[in-house]
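Below is one structure, written out as structure tokens, with a few remarks after it.
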Amino acid sequence: MTNIPAFRLTETSKSYAVYAHPLDRLKELFSTRPRHRLFTALHPLSLDIPQGSSLGIVGDNGAGKSTLMHLLAGTHTPTSGTIERNGRILGLLELGVGFHPEFSGRDNLLFQGDILGIDRGFIQERMQDILDFAEIGEFIDQPLRTYSTGMKVRLAFALIASLDPDTLIVDEALAVGDMHFQKKCIDRMTSFREAGKTIILCSHSLYQIESFCDEVIWLRNGHLEMSGSASVVLPAYERYQLTKTLPAVEHAAVPSGQPFIRRFELLSPRPLSMGQHMLMEWEIEAPIDTPHHYTLSLKMENGRGVHVTGSRLREEAPRKGSGVERAQFENIPLASGFFMLHLRLWDETGLVLMHERVLENIEVRKNDRELGFMRIPFASQWVPDAKS
């Protein structure tokens with residue numbers, strides 16, 4: 001990495017004029033009285049992003065993540081403060097921006113290049129690479145209005161990824177792509193990172209952020225709540241999330257032709273008690289040529305993690321093909337309460353989620369009078385005063 005940052009933000013903020021009615025914007029032009037209110041999406045923020053780093057951005061919806069990414073990409077201008085940018089910056093932010101529904105995918109690639117200030121000859125030279133990555137097929141010469149949402153994402157990311165930027169900015173837009181394409185995108189982003197490129201990733205998947213990013217910033221109501229390594233910021237953000245009412249985890253739909261969890265069950269008799277083994281078994285159905293990893297999370301009933309393990313976390317080789325796996329948490333130190341097991345199936349990178357299942361309402365009953373949901377080995381010795 002060089003001493004020159006990819007980005008330097010100095011007291012950078014962004015506010016928007018919000019109008020109660022569409023006509024108020026027009027009326028304001030002919031009036032001395034303001035007809036809008038200011039909404040500050042991002043409060044003054046100072047931040048250096050080193051070249052060659054991978055930065056994750058987390059936060060609730062409306063926390064200012066997209067605003068920050070647009071400011072970094074240069075598609076929005078700050079209300080106050082400054083932004084210093086270095087190198088070629090390309091981003092996949094709002095889906096379809098710069099695309100025209102009546103033009104073909106091929107024409108839209110050229111027009112999008114015009115918007116980015118890239119010579120058409122340069123894009124035409126790389127056109128075949130773009131098309132190979134997008135896998136649009138004959139639709140490339142059809143009007144964009146005939147494309148599915150996933151096909152538009154393919155086209156947009158294929159263009160951005162083929163132009164070899166110094167900084168790649170990716171928002172949640174990748175979440176609408178299919179699993180095969182998500183893997184291609186992750187692989188391309190990994191190659192960018194290995195080549196010393198700067199990557200900024202916004203995702204609701206904390207596992208993906210933790211696995212991919214060196215540093216993480218947490219935005220809350222437009223303010224910088226916390227910044228630092230993923231191992232420091234993400235647990236704090238997860239604790240914050242657990243203070244809110246969390247919806248029950250839904251079982252993902254079985255993806256066609258991809259690895260999935262056919263069966264997941266607890267073999268130990270219920271209810272459990274402290275010191276027992278928690279024995280589980282799951283069955284995976286997968287093509288023989290598709291490697292995959294798993295993660296297994298033991299959680300409290302409110303969703304807070306107690307322990308997370310898995311094949312990749314244990315530095316084991318990915319599994320291949322179909323099979324049955326039996327595993328156990330030995331001599332569980334859980335004392336009382338209700339818990340859940342969350343099994344996730346990932347691709348061989350451990351970054352693309354393929355399927356998941358949850359076992360809920362696993363009861364552990366007390367067998368002593370001490371308090372708390374778990375037991376930590378404890379010993380004490382009373383030494384009476386010799387004078388007593």
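Things worth noting here:
- When segment 65-80 is limited to residues that are in a helix (DSSP H, G or I) and of a type outside the set (D, E, K, R), the one that is surrounded by the fewest Cβ atoms within 10 Å (Cβ to Cβ) turns out to be ALA73.
- Within segment 154-164, being within 21 Å of the chain's Cα centre (by Cα) and touching a residue at least 60 places away in the same chain (Cβ under 8 Å) holds for ALA156, PHE157, ILE160.
- Selection from segment 257-314 of residues that are exposed (fewer than 14 other Cβ atoms within 10 Å of the Cβ) and at positive phi: GLY257, GLY275
- Here the condition is being over 23 Å from SER191 (Cβ atoms), assigned to a helix (DSSP H, G or I) and of a type in the set (D, E, K, R); of ASP132, ASP107, it holds for ASP107 alone.
- Residue pairs whose Cβ atoms lie under 8 Å apart, sitting 6 or more positions apart in sequence or on different chains, and linking a residue in segment 124-151 that is in contact (Cβ under 8 Å) with a residue 40 or more places away in the chain and assigned by TED's automatic domain parsing to the domain that holds ASP187 to a partner that is hydroxyl-bearing (Ser, Thr, Tyr) and surrounded by 15 or more Cβ atoms within 10 Å (Cβ to Cβ), are PHE133/SER162; PRO143/SER104; LEU144/SER104.
- Restricted to segment 271-388, the set of strands (runs of 3 or more DSSP E) holding at least 2 residues that are of a type outside the set (Phe, Trp, Tyr), more than 21 Å from SER205 (Cα to Cα) and out of contact with any helix residue (DSSP H, G or I) (no Cβ under 9 Å at 6 or more places or on another chain) comprises 278-285, 323-329, 353-365.
- Selection from segment 29-49 of residues that are surrounded by 15 or more Cβ atoms within 10 Å (Cβ to Cβ), more than 15 Å from MET226 (Cα to Cα), over 22 Å from the mean Cα position of the chain (by Cα) and touching a residue at least 24 places away in the same chain (Cβ under 8 Å): THR40
- Of all the listed residues (HIS204, HIS180), the sole one being over 21 Å from ASP48 (Cα atoms) and not in a helix (DSSP H, G or I) is HIS204.
- Qualifying residue in segment 50-61 (condition: without any contact (Cβ under 8 Å) to a residue 40 or more places away in the chain and surrounded by 15 or more Cβ atoms within 10 Å (Cβ to Cβ)): no
- Cβ separations smaller than 7 Å between residues 6+ apart or across chains give the following pairs from segment 181-207 residues that are under 22 Å from LEU68 (Cα atoms) to residues that are in a helix (DSSP H, G or I) and among the β-branched types (Val, Ile, Thr): LEU201/ILE209; SER203/ILE209.
- Residue check: THR12 meets all listed conditions (1) outside any strand (DSSP E or B); (2) modelled with pLDDT of 95 or more; (3) among the β-branched types (Val, Ile, Thr) but one, namely (1).
- Boolean, VAL358 is closer than 22 Å to LEU298 by Cα, at pLDDT below 90 and outside the structural domain of ILE209 (by TED's automatic domain parsing): no
- Filter pass, PHE139 being surrounded by 14 or more Cβ atoms within 10 Å (Cβ to Cβ), part of a helix (DSSP H, G or I) and not aliphatic (A, V, I, L, M): yes
- Within segment 199-209, at least one residue is over 23 Å from GLY62 (Cβ atoms) and at pLDDT 90 or above.
The values are calculated or read from the model by the stated rules, or taken from the named source; none is laboratory data. From a predicted model like this one, the values you see are computed outputs, not experimental measurements. Cβ atoms come from the backbone with ideal geometry, glycine included; neighbour counts cover every protein chain shown.
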